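Before any comments, here is the structure.
The values are calculated or read from the model by the stated rules, or taken from the named source; none is laboratory data. In this text the structure is predicted, and so the values were computed from the model without any measurement. Quick reminder, even Gly has a Cβ in these numbers, built from the backbone with ideal geometry, and neighbours come from all protein chains shown.
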Amino acid sequence: MSDDTWWIEFMEDEVEPSLRLGMEKMLRESNEDHNRLENMARLRQWIKESDPSEDLWRSEVNKNRLNSLQEKIMSKIAAIDEVNSQPRGSLPPSEAKPPRMVARSLRSLNKGF
Amino acid sequence: MKADLELVREAKEGTRTAFSELVSRHQKQMMRVALRLVRDWDAAEDVVQESFIKAYQNIKGFHEKASFKSWMYQITINTAKNRLRTLGRESIGTDHLTIAVDDNTVGKMMEVDVKNVIREEIAKLPARQQMALNLRIYEDLSFKEIAQIMECPYDTAKANYRHALLKLKERMDGELKHINIRGTDPVTWIEFGGQPAEVDG
């Protein structure tokens, strides 16, 4: 692993405690290592601050819309339940059974879960 | 407060209010991740609605091997990717934001510039590296959770994240040497075992 790789592991708290102690010592004694970690940490901070959704997320209009999202989702689910609770014969053929592609994508959802 | 898996079990038995509670708990996070991928509020809302409906319809097939949250992340990410494919956007393009910066605030201008450069560079990364970076830095997920969502081994999830960071470091090397946006020393919080300040939102 390259030096930078080690410092990424350190920064993400993915190094074993015994190794971490040695790396902390290196940080205290080596300016070069200190700078490597500092740059990596700064880069991570910049990435966090560059969140592309931030402007949209902070909009007051959108915050209000988010409050009604649960209601929208649950009303759609209620409508689906209502359709499903009707006897099969009463449904138009297009609604009686999900299209094959949809059924396949639903089956693949639980892979590994 | 009931645990997610308890609510999942109730939803499997047909209790719609239990699923409603799950929606309430996770809709914000799912909205945020969808927004990052599709970059449009209406489209993100559609993605989140479709994702929760898929989850509801398939809840009996969720075998509780992972958390409900991880499962929802996976459904939302896949739904967002399908949406982008339908729109003919294979990957997220560069932002074309209008940058409004006070002429006197050079630091602010540099900050905006660095953010835009980073967004552009992230958009150039391979999709799986972008995903690992996104889930780790923006969603604060563990590598175990990232591996579950990306359906790959733990080490692969970590490698995708590491490669993304190394590429970005290479591309941002000049800025890292010359700019210190906040004038803070990021190493300080690491040495004391803390975390950097979260951007509220």
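When the stretch B:40-69 is filtered for residues that are hydrophobic (A, V, I, L, M, F, W, C), over 20 Å from the mean Cα position of the chain (by Cα) and facing another protein chain (nearest Cβ under 7 Å), the ones remaining, listed by number, are B:Ile53, B:Phe62.
Here's the yes/no breakdown for (1) crowded, with 18+ Cβ neighbours inside 10 Å; (2) of a type in the set (Phe, Trp, Tyr); (3) in a helix (DSSP H, G or I); (4) in contact (Cβ under 8 Å) with a residue 24 or more places away in the chain:
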position: B:Gln27; (1), (2), (3), (4): yes, no, yes, yes
position: B:Met31; (1), (2), (3), (4): yes, no, yes, no
position: B:Arg36; (1), (2), (3), (4): yes, no, yes, yes
position: B:Asp42; (1), (2), (3), (4): no, no, yes, no
position: B:Val47; (1), (2), (3), (4): yes, no, yes, yes
position: B:Glu50; (1), (2), (3), (4): yes, no, yes, yes
position: B:Lys54; (1), (2), (3), (4): yes, no, yes, yes
position: B:Ala66; (1), (2), (3), (4): yes, no, no, yes
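Scanning the stretch B:121-149 for residues that are in contact (Cβ under 8 Å) with a residue 60 or more places away in the chain and in a helix (DSSP H, G or I) yields B:Asn134, B:Leu135, B:Tyr138, B:Glu145, B:Gln148, B:Ile149.
Candidates are the residues of the stretch A:1-42 that are more than 22 Å from B:Phe143 (Cα to Cα) and in contact (Cβ under 8 Å) with a residue 12 or more places away in the chain; the one that is surrounded by the fewest Cβ atoms within 10 Å (Cβ to Cβ) is A:Asp33. Quick check: anything in the stretch B:83-95 at the interface with chain A (Cβ under 10 Å from one of its Cβ atoms), under 17 Å from A:Pro52 (Cβ atoms) and at pLDDT below 95? Yes, that holds for at least one residue.
Considering only the stretch A:26-33, I want to know if a residue exists there that is more than 7 Å from chain B (Cβ to nearest Cβ), within 30 Å of the chain's Cα centre (by Cα) and of a type in the set (A, V, I, L, M). No, the stretch A:26-33 contains no residue that is more than 7 Å from chain B (Cβ to nearest Cβ), within 30 Å of the chain's Cα centre (by Cα) and of a type in the set (A, V, I, L, M).
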